[in-house]
Amino acid sequence: MRAYLKYLKGDPVIWMISILMLSFSLVTVYSFVPILVKIEGGTPFYYLFKHLMYVLIGFFSMYVVHRIDSKYIYQISKFAFYLSIVLLIFTMFFGVNVNDANRWIRIPYIGLTFQSSDFAKLALILYLSRLLVKKENKLDNWKEGFWPLLIPIVIICGLIFKDNLSTAFMIFILSFILLFIGKMPWLKLTSIVAGGVVLISLAITIHKAFPNFGLLPRYDTWENRIDRKTAPNQSSVSENAQSNNAELAIFNGSIIGQGVGDGRLKEYLPEAYADFYYASFVEEFGSLSAFLLIFLYLVLLLRIIKIALKTDSLFESYACLGIGIHLLSQATINMLVCTGFLPVTGQNMPFLAMGGSALIMACISIGIVQSIAYKSMKGSKTGKVFLDEG
């Protein structure tokens, strides 16, 4: 392993966890796709091969990005933010419609799809990190510090909110945490929360007053999911079957699980390989393996935090913290949905769920972290040599 890690710069523990999860995802995706075979046809080998292509693209992207100096990441963060806006607008009008939501862009000729919101999340994290550095001494100023940071959040969340409430809400919370870390004054943080509540209430009011306008085409779906979770009744049992099956799958997993490929509830979970990945995982691998999985995510977060604290650049610190919190929150939401603590959302497990743009962007995120880690390691070595020579 050491022989191969010498070609991979940065934190070796993060490399090992990332490679382990990507490799393990091939096993679980092959095991968890029977429901997809039933619904869309094909064979498990077809979906395994498709996922393998995403894994290879993701790892290649991670490797390329980690060799880029983080100063260039700072420079392209603004371009990435504006590109994400263009992609979100394009998706809104020309995206592939799945479950009454336009979230995907179909890549011509190769048949793969890309979810623009996955790119937008990372782009916003980097752009906010850049702005927090530039506006460091102006955060008390409403015009020069507050609004330049708030407007990008409103634009990205607003463009995503229409078709993906859970992702928009997660991005809003993540942005709030970044602003808190960046020492935005409490009065202004409170104003952001109040403004978000007002905007959401206004959008819902307009939608109910003019339903034919189609402002929130998935509003009924969101309302039904929340109602089934907060006020379950006899009719909601059948309507909420996927959540019930997810909880039953976790119960069936017990301590050591049913064994690889022997899970049964995965055949009744529409997104066993993605949105309900954790439930399928526990059914086949058991609670002990689930605790190990949680431990790996926590170690990943702690290593990223360690890198954020070691770097001398505020931009790099904010970027690392944003990426680490995002990856862990995404995994946590998937677990909470599967265990019945949250309504059904569209958040899957980073590095493990069936491949797509989410997997590729998670790999690119780790590539950025490793680029920052490598730069910090080079800096510390240079400093040590300088001190020794002095």
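Things worth noting here:
- When the P(r) is computed for the stretch 131-198, the part past 18 Å accounts for 32% of the Cα-Cα pairs.
- Ranked by how many other beta carbons lie within 10 Å on average, peptides 20-28, 337-345 from highest: 337-345, 20-28
- Relative packing of 41-49, 319-327, 300-308, which averages over residues the other C-beta atoms within 10 Å, highest first: 319-327, 300-308, 41-49
- Each Cα pair under 8 Å and six or more residues apart adds its sequence gap; the mean of these over the residue count of the chain is a relative contact order of 27 percent.
- Dipole moment magnitude, nearest 20 debye, the chain about Cα centre, only Lys, Arg, Asp, Glu C-beta charged: 1200
- Candidates TYR7, TYR277, PHE119 compared by Cα position along the dipole of the chain: farthest toward the positive end lies TYR7, with charges placed on Cβ.
- Farthest toward the positive end of the dipole of the chain, out of ASN164, GLY346, SER77, is the Cα of SER77, where the dipole comes from beta carbon charges about the Cα centre.
- Under the criterion of Cα pairs below 8 Å and six or more residues apart, the relative contact order for the stretch 268-369 equals 33 percent.
- The calculated FRET efficiency for the pair MET53 and TYR7, based on their C-beta separation and a Förster distance of 25 Å, comes to about 0.65.
- Of the residues SER313, ALA209, GLN242, the one whose Cα sits farthest towards the positive end of the charge dipole of the chain is SER313 (charges of +1 on Lys and Arg Cβ, -1 on Asp and Glu Cβ, taken about the Cα centre).
- Using a simple spin-label model with pseudo-atoms 7 Å out from Cα toward Cβ, LEU288 and ALA194 lie 5.4 nm apart.
- Dividing the convex hull volume of the alpha carbon atoms of the chain by its residue count gives 164 Å³ per residue.
- The helix-only estimate of mean residue ellipticity at 222 nm for the chain, built from DSSP H runs of length n ≥ 4 each weighted as -39500 (n - 2.57), is -24000 deg cm²/dmol after division by the residue total.
- Unsatisfied cross-links (Cα-Cα over 24 Å) in the set LYS134/LYS188; LYS6/LYS50; LYS78/LYS135: LYS6/LYS50
Read-outs: derived from the displayed coordinates by stated rules, not from any lab. Since we're looking at a predicted model, the values are computed, not measured. Cβ coordinates were reconstructed from backbone atoms using ideal geometry, including for glycine residues, and neighbour counts include every protein chain displayed.
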